[in-house]
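First comes the structure, then the notes that go with it.
Derivation of every value follows stated rules applied to the coordinates shown; laboratory data play no part. Bear in mind the structure is a predicted one, so any value in this text is a computation, not a measurement. Ideal geometry is used to build each Cβ from the backbone, glycine not excepted, and the neighbour counts take in all protein chains shown.
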Amino acid sequence: MFETTLLAGKNILITGGGTGLGRVMALRFAELGARVAVLGRRPEPLAEVVQQIEAQGREAMAVCADVRDAARVSSAVDEIVARFGTLDVLVNNAAGNFLALTETLSPNAFNAVVGIVLNGTFHCTSAVGKHMIAQGKGGCILNIVATYAWTGAAYVVPSVCAKAGVLAMTRSLAVEWGRYRIRLNAIAPGPFPTEGAWSRLMLPGMEEEGKRRNPTGRFGEPPELANLAAYLISDAASYINGECVTIDGGEWLMGQSFNTLTMLPRDQFQALAEALRPRKSD
Ligand code: HXC
């Protein structure tokens with residue numbers, strides 16, 4: 001659907017690029033001519049993505065970092081700039097999430113998710129933004145949020161708070177950094193089956209119910225999201241700034257799907273959510 005040169009000449013950093021939607025975006029962007037750096041906590045999935053991209057005859061690099069660690073993020077960005085020369089695009093995709101009764105959350109549990117999603121996005125945006133401003137050639141930052149950033153949603157409150165903050169950051173910096181020709185936009189995906197999200201958020205029975213209550217009768221396919229992201233970071237979208245594009249088949253207009261879980265008795269919800277929680281030995 002695009003010219004294979006759509007992203008030619010662009011150097012792109014994708015956080016959480018080793019798995020899930022981050023991985024699909026990394027592969028798609030490389031296919032469209034970009035040089036891609038994938039950042040994540042675990043080296044193995046990152047190395048696999050790099051290998052896949054190199055097998056297409058494109059250039060990629062892996063950088064191990066936890067987005068919660070501002071100093072490490074800053075040195076990771078320096079490493080990428082040292083190898084690629086410039087950074088033109090940042091995709092803040094790294095996320096953390098789980099289902100829980102909010103009154104049972106420890107401060108550390110809240111901080112774990114907000115630390116990855118909100119603080120992590122700030123750390124990456126700040127490090128890359130400084131570089132883009134100094135570089136003087138503009139740039140583009142794309143943040144992956146969720147429709148519950150504006151609706152709210154039961155049982156995923158740390159993620160809701162963090163995504164709402166990221167959306168606010170997107171709109172604020174779209175104005176503040178416009179003078180540097182840095183565009184900031186967001187994508188709010190609905191349900192896209194990925195191992196990371198499904199293993200933490202999909203209770204038994206939710207899958208069929210989720211399709212039934214989606215106006216399109218299905219979940220999203222990761223390439224659909226990757227193509228939207230490719231368009232938004234490309235020069236074809238050069239006048240789109242401060243926007244959030246929803247890609248959910250119209251799901252949120254039917255009511256936030258996590259809210260339907262409030263129909264379950266509390267104890268039943270808790271038992272099901274606990275069953276999804278990884279054991280320390282996993
Ligand atoms: C309650 C939990 C919990 C759970 C962890 N905690 N899991 N509390 N229910 N299921 C608590 C722990 O007890 C601990 O608090 C604190 O959170 C930190 O836990 P750790 O396991 O030590 O943290 P860490 O190893 O850093 O892992 C972070 C994580 C984990 C967020 C908890 O899930 C993670 O790494 N996720 C990354 C990938 C991911 O989540 N992907 C899905 C994104 S999906 P205490 O007090 O005990 O120390 C997404 C889609 C949204 O965002 C859109 C949907 C439509």
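Quick notes on this structure:
- Taking L21, L232, L272 as the candidate residues, the one with maximal mean-square fluctuation in a Gaussian network model of the chain, Cα springs under 10 Å, is L272.
- Mean separation of Cα contacts under 8 Å, 6 or more apart, over the residue count of region 40-100: relative contact order %: 26 percent
- Fluctuation leader among T125, T104, T19 - the chain, Gaussian network, Cα springs under 10 angstrom: T104
- Calculated mean residue ellipticity at 222 nm for the chain: -13500 deg cm²/dmol, from DSSP H runs with n ≥ 4 weighted as -39500 (n - 2.57), summed, divided by the residue count and rounded to 500.
- Gap separating the Cα centres of region 211-264 and region 100-160, nearest whole Å: 18 Å
- Alpha-carbon Debye profile of region 11-276, log10 I(q)/I(0) at 0.12, 0.13, 0.17 Å⁻¹: -0.70, -0.82, -1.37
- Using alpha-carbon coordinates, inclination of helix 20-31 to the longest axis of the chain, degrees: 30 degrees
- Summing charges over all other residues whose Cβ lies under 13 Å from the Cβ of H123, with Lys and Arg as +1 and Asp and Glu as -1, gives +1.
- Relative contact order (percent, whole number), the chain, Cα cutoff 8 Å, 6+ residue spacing: 18 percent
- Computed over the chain with a Gaussian network model linking Cα atoms closer than 10 Å, the most mobile of A47, A186, A30 is A47.
- Summed residue charge, Cβ within 12 Å of I247's Cβ, Lys/Arg positive, Asp/Glu negative: -4
- Using alpha-carbon coordinates, inclination of helix 70-84 to the longest axis of the chain, degrees: 40 degrees
- Summed residue charge, Cβ within 10 Å of S238's Cβ, Lys/Arg positive, Asp/Glu negative: +1
- The angle between the Cα long axis of helix 266-276 and the longest principal axis of the Cα atoms of the chain comes to about 40 degrees, rounded to the nearest 10.
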